[in-house]
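Report on the following structure.
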Amino acid sequence: IISLVFKRNNGKIILGTKNGLKIFTNQSIKPFIQNPDLLNADIFTIAEAKDGELFIGTQQGVYSIKNNKVEKLKYFDQLESIYILSILATENNGIIFGSFDKGLFILQNGNYSQITTEDNLSSNRINCLYQTNSGTVLIGTQNGLNILENKKITKSINVNNGLISNAIADINEDKNGRIFVSTFKGLNIIYNLNDSLRIRSITNQEGLINDNCLNEGSYIDFAGNLWVATQSGITKYNPENDKENKTSPKIYLTGFEIFNVPKNLNDFAKNSNLSYDQNYLKFIYTGINFSAPQKIKYSYYLSGVDKDWVLSNNYSVQYTHLDKGNYLFQVKAMNEWGYWSKPVQFAFTIMPAWWETWWFRLLIISIIGSLLWLAFQYRLNYLLKLERLRTKIASDLHDDVGSLLTQISMNVDLLGYQKDTNVIKEKSSFIRSKCSEVIGIMSDIVWSIDARNDNLESFIDRVFSFASNFVKEKNIELKFVNNVTKKQNLLKIDVRQNLMMIAKEAINNAVKYSNCNLLEVEFDDSNNLLMMKISDNGNGFDMDSVKKGNGLKNMKMRAEAIKAKIEFLNYNGFSIKIII
């Protein structure tokens with residue numbers, strides 16, 4: 001079984017078979033060299049250097065033959081599972097080996113170097129190698145065509161550039177510089193490889209006997225004909241008889257859809273703004289090419305989305321989840337000879353969502369600024385209230401406690417000069433009463449600033465304790481009604497202090513001046529309000545004469561300070577009702 005035919009530099013024909021190398025001479029086939037390793041080897045590929053050295057790729061490894069001496073290349077033996085599918089002897093006396101799965105190997109001046117996908121090689125499977133008339137090395141891989149220059153991959157050509165398939169089978173070049181690239185899906189002809197790239201495709205529809213071309217199975221004869229071996233036979237192609245069509249297709253944008261709902265292009269062109277949720281778009285286009293309508297190809301590009309032009313055989317393209325911004329969609333068509341039309345374009349804008357607009361962001365900034373300002377003002381007011389409370393406590397200590405202590409001190413001094421027993425008793429009683437007042441004032445101050453007393457339960461207990469002790473001396477009945485359910489609700493320190501002062505003033509007035517025998521204190525917290533009512537069954541007040549005093553005025557001022565409503569009821573005694 002003959003797997004390949006190789007013509008040496010001296011014109012002799014060598015055949016690669018399943019049972020070693022053969023030579024075709026005098027119309028007969030004979031063994032090429034009597035070497036046991038090569039006689040039983042399955043020959044994959046053959047290449048010849050300028051000095052006549054042959055390089056043979058087999059299933060057992062790679063061999064060199066020079067002056068009828070066979071030597072195995074040990075470099076490849078140290079690589080696990082290495083198959084060399086193609087070998088190229090270059091013009092600069094370098095040898096390039098293409099492997100099945102380990103990329104490219106270059107032998108130059110006795111040194112090996114390797115090129116893989118990590119070095120921009122399209123695929124580590126090398127199907128064929130070819131050096132053009134200009135010295136450029138072309139690498140046919142399983143995933144496109146690569147250009148090798150100075151041991152570096154400088155360019156890759158694949159289906160996105162117009163190849164009919166990425167799986168390259170063989171490469172050839174004619175005297176006019178046309179590159180013939182056979183693939184497993186048809187034949188490509190590349191024009192202007194290093195300039196304005198054009199690619200022509202030929203398949204079974206144009207006369208190729210089979211689209212599945214064989215590996216290293218093409219040949220250009222002296223007349224310029226290309227012979228292509230396929231799975232079903234050989235096709236002869238004369239490029240001079242294939243008349244070039246330089247007319248590019250006409251391209252039209254024929255449809256536009258939003259979420260698969262067709263839209264009128266003319267109407268949309270008048271107002272091309274889309275809302276943020278209209279971001280699922282489909283563009284439909286059509287190219288007209290009468291010479292080969294089935295061979296037309298398209299390339300589209302959406303600015304801001306596609307990194308480069310995208311080659312396609314489809315008549316439409318969809319874009320989903322587009323972000324806000326300005327877009328330009330372009331599409332062009334290519335005929336079977338690689339000539340492109342001028343692109344048609346379509347500009348549109350996707351507007352930002354309302355929460356991404358400048359006015360919304362300004363509003364958010366304003367709201368945050370306002371909240372910060374309110375928080376600052378609240379904090380400032382709190383600090384001012386705290387400072388005022390401290391000042392008041394200091395003032396109370398100075399005025400009330402200081403005054404009482406002064407009186408106590410003076411009376412204590414006078415006791416030292418008194419010998420009258422009655423006067424001593426009178427002064428002692430006075431000192432005790434003033435000491436009790438000092439203790440009471442200090443107790444009130446400590447209670448008012450203790451954070452543990454900030455709840456309703458503590459406040460009500462304090463009022464009850466004060467009222468109980470006060471009426472005990474006067475033989476007055478105390479009726480205490482507590483209908484508060486949310487006893488752990490908090491009272492601010494200024495609210496608690498002012499309510500306590502109002503309660504003490506009211507209880508004091510009732511006990512001292514009303515001649516009552518019943519004092520009633522009631523608390524209620526229904527309807528999210530706190531109600532405190534202090535009533536007696538005494539004589540009541542003459543409201544006109546009372547207006548001249550300071551007691552009720554102080555209560556009103558304290559109620560206003562904590563934004564509470566206060567009422568005075570002069571009926572069947574006297575009542576003070578405060579709601580906050």
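The values are calculated or read from the model by the stated rules, or taken from the named source; none is laboratory data. From a predicted model like this one, the values you see are computed outputs, not experimental measurements. Virtual Cβ from ideal backbone geometry, glycine too; neighbours counted across all protein chains shown. Only protein heavy atoms, including side chains, enter the accessible area calculation; ligands, DNA and RNA are left aside. Shrake-Rupley method; radii C 1.70, N 1.55, O 1.52, S 1.80 Å.
Residues in segment 177-199 that are open to solvent by 30 Å² or more (accessible area, probe 1.4 Å), touching a residue at least 24 places away in the same chain (Cβ under 8 Å) and either farther than 20 Å from M334 by Cα or not in a strand (DSSP E or B) (or both): G177, R178, F184, K185, N194, L197. Inspection of segment 439-458 identifies at least one residue that is more than 60 Å from the chain's Cα centre (by Cα), open to solvent by 40 Å² or more (accessible area, probe 1.4 Å), at pLDDT below 85 and among the small types (G, A, S). For A347, state whether it is open to solvent by 40 Å² or more (accessible area, probe 1.4 Å), farther than 28 Å from F180 by Cβ and in contact (Cβ under 8 Å) with a residue 24 or more places away in the chain. When the stated conditions are applied, A347 passes them. Filtered by the rule that a residue be open to solvent by 50 Å² or more (accessible area, probe 1.4 Å) and farther than 12 Å from L530 by Cα, segment 471-491 gives K472, E473, K474, N475, E477, K479, F480, Q488.
Residues in segment 151-172 that are open to solvent by 30 Å² or more (accessible area, probe 1.4 Å) and within 18 Å of G98 (Cβ to Cβ): K151, K152, T154, K155, S156, N158, N166. Take the conditions (1) on the phi > 0 side of the Ramachandran plot; (2) in contact (Cβ under 8 Å) with a residue 12 or more places away in the chain; L104 misses just one of them, which is (1). Among residues of segment 322-348 being out of contact with any Leu (no Cβ under 8 Å at 6 or more places or on another chain) and aliphatic (A, V, I, L, M), the one that is modelled with the highest pLDDT is A333. Under the condition of being open to solvent by 20 Å² or more (accessible area, probe 1.4 Å) and in a helix (DSSP H, G or I), the residues counted in segment 502-516 number 6. Of the residues making up segment 143-156, not a single one is within 14 Å of A229 (Cβ to Cβ), part of a strand (DSSP E or B), touching a strand residue (DSSP E or B) at 6+ places or on another chain (Cβ under 6 Å) and modelled with pLDDT of 95 or more. Could you please let me know if P352 is of a type outside the set (D, E, K, R), touching a Gly at 6+ places or on another chain (Cβ under 9 Å) and either modelled with pLDDT of 75 or more or open to solvent by 90 Å² or more (accessible area, probe 1.4 Å) (or both)? Taking the combined requirement at face value, the residue satisfies it. Going through Y319, Y298, Y276 one at a time, which residue ends up being within 26 Å of E206 (Cα to Cα) and either surrounded by 15 or more Cβ atoms within 10 Å (Cβ to Cβ) or at pLDDT 90 or above (or both)? Sole residue among the options that is within 26 Å of E206 (Cα to Cα) and either surrounded by 15 or more Cβ atoms within 10 Å (Cβ to Cβ) or at pLDDT 90 or above (or both): Y298.
Out of all the residues in segment 224-237, is one or more touching a helix residue (DSSP H, G or I) at 6+ places or on another chain (Cβ under 8 Å), surrounded by 13 or more Cβ atoms within 10 Å (Cβ to Cβ) and modelled with pLDDT of 95 or more? Yes: segment 224-237 contains one or more residues that are touching a helix residue (DSSP H, G or I) at 6+ places or on another chain (Cβ under 8 Å), surrounded by 13 or more Cβ atoms within 10 Å (Cβ to Cβ) and modelled with pLDDT of 95 or more.
Among the listed residues L519, L499, identify the single one that is touching a residue at least 12 places away in the same chain (Cβ under 8 Å), of a type in the set (A, V, I, L, M, F, W, C) and assigned to a strand (DSSP E or B).
L519
Only one of K342, K297, K263 is under 30 Å from N172 (Cβ atoms) and more than 29 Å from the chain's Cα centre (by Cα); which? Answer to the selection: K297.
The residues listed here are K22, K50; of these, the one that is in a loop (DSSP other than H, G, I, E, B) and either on the phi < 0 side of the Ramachandran plot or touching a Gly at 6+ places or on another chain (Cβ under 8 Å) (or both) is K50.
Residues are listed down the side, and each one gets a yes or a no for (1) over 18 Å from Y339 (Cβ atoms); (2) of a type in the set (S, T, N, Q):
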| position | (1), (2) |
| --- | --- |
| K175 | yes, no |
| R178 | no, no |
| S182 | yes, yes |
| G186 | yes, no |
| Y191 | no, no |
| N194 | yes, yes |
| I199 | no, no |
| N210 | yes, yes |
